[in-house]
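**Student:** Here it is, the structure, as structure tokens.
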Amino acid sequence: MNQQISGQGRNLTTAIIIVSIAIPAAVAFLILVPQVKIDFGFNTHFLPLVHAILNSSTAILLLASLYFIRNGNIKAHKRANLTAVVLSSIFLVSYVIYHSSNPSTLYGDVNHDGVVSAEEKAQAGSLRYVYYFILSSHIILSGIIIPLVLFTLQRAFQERFDKHRRLARITWPAWFYVAVTGVVVYLMISKYY
């Protein structure tokens with residue numbers, strides 16, 4: 001029986017590693033490689049607002065999760081985290097739909113021509129640097145958070161709670177940061193959509 005569980009754990013670990021590499025690679029490809037945009041048959045311009053709502057909801061659930069576990073309510077802690085995972089998954093699908101059907105929005109691109117001119121850069125001022133710092137840290141941690149969340153969940157489902165707690169101490173603040181900065185990035189760039 002122990003060998004069977006160990007084998008399943010290895011298979012799950014392999015799947016987590018594959019997913020953790022495939023998702024950021026697919027998203028990077030989608031954003032960085034110029035391609036023909038897909039027409040999904042509906043207007044996808046509203047999706048960035050949906051992303052901000054999903055991110056803010058995830059952040060609230062993560063705060064609730066922390067509250068629940070600190071107060072010994074394991075059942076509510078588990079529900080909050082699983083709901084946060086579901087919302088993050090919906091976000092990912094929606095994010096892919098949006099970026100595969102719309103050009104990237106550039107911070108400061110007032111006239112929406114896909115180029116930030118020197119005049120537009122001057123108008124945006126030093127907030128551009130703040131925006132790109134927050135965006136960069138958000139993107140980097142977004143890729144890192146995928147395996148952290150999945151491995152933290154794996155430890156919980158395997159009832160390896162000592163390892164779950166140790167990993168959650170890293171996962172929770174990183175995931176919370178990604179959720180909150182997702183909202184901040186939206187608020188900062190929304191006037192350029």
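**Student:** Could you tell me whether region 178-185 includes any residue that is assigned to a helix (DSSP H, G or I), among the small types (Gly, Ala, Ser) and at pLDDT 95 or above?
**Tutor:** There is at least one residue in region 178-185 that is assigned to a helix (DSSP H, G or I), among the small types (Gly, Ala, Ser) and at pLDDT 95 or above.
**Student:** Another question, if that's okay. Residues being within 23 Å of Arg169 (Cβ to Cβ) and of a type outside the set (Ser, Thr, Tyr): count how many of those fall in region 30-68.
**Tutor:** Residues flagged as within 23 Å of Arg169 (Cβ to Cβ) and of a type outside the set (Ser, Thr, Tyr) within region 30-68 amount to 9.
**Student:** Return a yes/no flag: does region 128-138 have any residue that is in contact with a Pro (Cβ under 9 Å, 6 or more places away or on another chain) and within 26 Å of Ile38 (Cα to Cα).
**Tutor:** No, every residue in region 128-138 fails to be in contact with a Pro (Cβ under 9 Å, 6 or more places away or on another chain) and within 26 Å of Ile38 (Cα to Cα).
**Student:** Follow-up question, since we're still on this one. Out of (1) within 17 Å of the chain's Cα centre (by Cα); (2) crowded, with 17+ Cβ neighbours inside 10 Å; (3) farther than 30 Å from Asn43 by Cβ, the odd one out for Leu167 is which?
**Tutor:** Of everything listed in (1) within 17 Å of the chain's Cα centre (by Cα); (2) crowded, with 17+ Cβ neighbours inside 10 Å; (3) farther than 30 Å from Asn43 by Cβ, Leu167 misses just condition (1).
**Student:** For region 13-55, give me the residue count where each residue is closer than 26 Å to Pro147 by Cα, surrounded by 13 or more Cβ atoms within 10 Å (Cβ to Cβ) and either of a type in the set (Ser, Thr, Tyr) or modelled with pLDDT of 85 or more (or both).
**Tutor:** Result for region 13-55: 16.
The values are calculated or read from the model by the stated rules, or taken from the named source; none is laboratory data. Note that this is a predicted model, so its numbers are computed, not measured. Neighbour counts run over all protein chains shown; Cβ positions are idealised from the backbone, glycine included.
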